[in-house]
Amino acid sequence: MLVLLHLFALFLLVLLGFYVFVANPRSRAHQTFAIFISFLALWTVKDLIFWNFHDENIGSDWWAAASFIIALLMQCALVIFAWVFPENSRTPRKKASVLFAPGLVLIPSAVFGLLWHKVGFENSRFVIDLAPLAYAFVIYVYFVFFFGASILFAKYRKLRGTQAGQQVGAIIWALVITGILKTMANIVLPYFGLYEFLPYSAIFVLPGVLIYAYAISNFKLFSLQTALSQFRLFPISYKVALSIATVAIISFLLFQIPIVGWAFREGMNFEAWRKYLVFSVISALVPNLILVLLIVRIISRPLQRITLAAVEVTKGKYGTEIEMRDSNDEIGLLADSFNEMSRKMASDIEQLKNLNEQLIRTEKLAAMGTLAAGVAHEVNNPLASISSLIQMMQSNNNIDDRTKENLKLISTQIQRISQVTKDMMDFARVRPAAQSLININQTIETSLRLASFDKSFQKLEIKKSFQADLPQIFADFDQLQQVFLNLFLNSRDAMPNGGELSIKTYLEKDLIQIEIADSGIGIKNKDLKKIFDPFFTTKPAGQGTGLGLAVCYGIITAHNGKIEPLTNEKGGITFLISLPLQ
């Protein structure tokens, strides 16, 4: 029964320490807890061997020495924990060196047996006769224990009422419970000659350790939510540990037990040991190979796929994703994060390309505006002189009809040149927007009324879908009217035999959206990115200067808005204009 209790305590300690440590391996508190659990596991192993398998005729000095040393090391781990928890602060090295200095003398004293006169079994009854130095050792152990407890109590008073204060308070209760049980089993009862509870001292510490772990894990150790969270993110260290433990247990049952039975069936002689060692080595190859395969499957292969995908991204293949099984460990999370990063990178680079195109277009507009202003100025002056001369010649009644016809033709061409130079001046002119509160729907209605005076525009079927409660925005009424009128007339030119012009307004987040769609001849995809470039036009020669959409682009961007050309289902083109509310 005792051996089962010791084994249960040992497995519980190992699982508990491993669970808490892996939950946050970078935390100094979790690291110190793992060290404390390691010392406690050594204490349990010591008691397991001594109280279950020790030969009473052999000396027990090793057990006593191990008991004193491990007890001191556990208290040292407690003090370090008290220093670092819950702030995850560093251990004060100077204080630690002063506090732990007596251990440099006491631990060798335990190793050389200076703490007792006699320890062992007499008539199947365990007895121990301590030397005076042992009492000094015990006093020092309790001094370290209470020193650590005092640090925690001071932190508890400081953090009372907080989550961290509750954690520290629970740990103090764990220390009280553990300290009372260990003192009774190891000191008080043996002092009166009662050693019956001494073998159970490793068991008595378990309640305190469970409270300890419960508190350090933020009171989530036994919660269903924590279990589900751990299941969702099952650390790879857990997988490796479970794989090793599973392979070890299965190989022990399948190989070691049959080999022991076969090798020692005729007694424990040299030949039996030779058989056992040879076939144990051979049988160990199988689980080792299985472990290698499992580790390759769990770690190496997924990491290789991630590495290859990363190399592809460095070569410029943005958006490359890793194809692998869904995994709820760190590698699975890394793969999902890599895929998301790669997609985001591809999206960001595409946005950068669009921004670069807009920047180039803006620079073109600025350069062409300067050029257009100069050209228009230089052309207008001689053009005005020529126009005056033509008017003077037309006023002469002595010219023949043929000359009159030629002068009229010249005058028409001069008017056309004047219109071009006027467009160029409008394009080049940078005048501040006269912003005021305007209603987009009314601005569009006004533009439609102006366009409706054109006979060709009257052939179009107008479909309107205006959101009635659109908020007003600060904008230049005349400039936006110029934009809408230009777009309406472009739609008219795209539908010379009539068609459908659809106008829609709506609010989306903090943007007023205006969609102007026609069912005309449309624009080729390769030309969509160039339609805002100055002097680019898809109209026949003599029917357009290619400056109208460039002016529209400049006006909308000056209003911190955006204008995008899109192809629609009817084969025409849709202009999507976005204007901010502020």
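Quick notes on this structure:
- Among 43-56, 278-291, the peptide with the highest mean count of other Cβ atoms within 10 Å heads the list, and the full ranking is 43-56, 278-291.
- Against the main long axis of the alpha-carbon atoms of the chain, helix 2-23 sits at an angle near 20°.
- As a length-normalised measure over Cα pairs under 8 Å and 6 or more apart, the relative contact order of region 482-536 settles at 29 percent.
- Trypsin sites (Lys or Arg not before Pro) lying in DSSP loop within region 274-332, provided at most 16 other Cβ fall within 10 Å: K315, K317, R325
- Globularity ratio of region 2-232, using Cα Rg and 2.2 N^0.38 Å: 1.05
- Remark: for residue pairs K46/K95; K158/K182; K95/K155; K353/K526, the C-alpha separation exceeds 25 Å in K46/K95; K158/K182.
- Largest to smallest principal axis extent of the C-alpha atoms in region 233-317, angstrom: 70, 25, 13
- Neighbour-count order for I298, I250, I503, fewest beta carbons within 10 angstrom listed first: I250, I298, I503
- Label sites at D336 and K315, each approximated as a point 7 angstrom past Cα along Cα to Cβ, lie 2.9 nm apart.
- Computed from point charges on the beta carbon alone (+1 for Lys and Arg, -1 for Asp and Glu), the dipole magnitude for the chain about its Cα centre is near 620 Debye.
- Overall, the anisotropy analysis places the chain in the prolate class: the square-rooted eigenvalues a ≥ b ≥ c of its C-alpha gyration tensor yield a/c not less than 1.5, with a/b exceeding b/c.
- Region 432-580, relative contact order [Cα under 8 Å, separation at least 6], %: 23 percent
- Each Cα pair of region 432-580 feeds into the Kirkwood radius, which the Stokes-Einstein equation turns, at 37 °C and 0.692 mPa s, into a diffusion coefficient of 211 µm²/s.
- Mean sequence separation of contacting Cα pairs (under 8 Å, at least six apart), scaled by the length of the chain, corresponds to a relative contact order of 7 percent.
- Value of Rg/Rh across region 29-158 [Cα atoms, Kirkwood radius]: 1.04
- Cleavage-rule hits (chymotrypsin sites (Phe, Trp or Tyr not before Pro)) in region 76-112: DSSP loop, at most 13 neighbouring Cβ within 10 angstrom: F112
- Calculated P(r) tail over 16 Å for region 457-510, as whole % of Cα pairs: 56 percent
- A viscosity of 0.692 mPa s and a temperature of 37 °C, combined with the Kirkwood radius over Cα pairs in Stokes-Einstein, give a translational diffusion coefficient for region 103-191 of 213 µm²/s.
Read-outs: derived from the displayed coordinates by stated rules, not from any lab. It should be emphasised that the depicted structure is a prediction, and the values quoted were computed from it without experimental measurement. Positions of Cβ are backbone-derived with ideal geometry, glycine not excepted, and every protein chain shown enters the neighbour counts.
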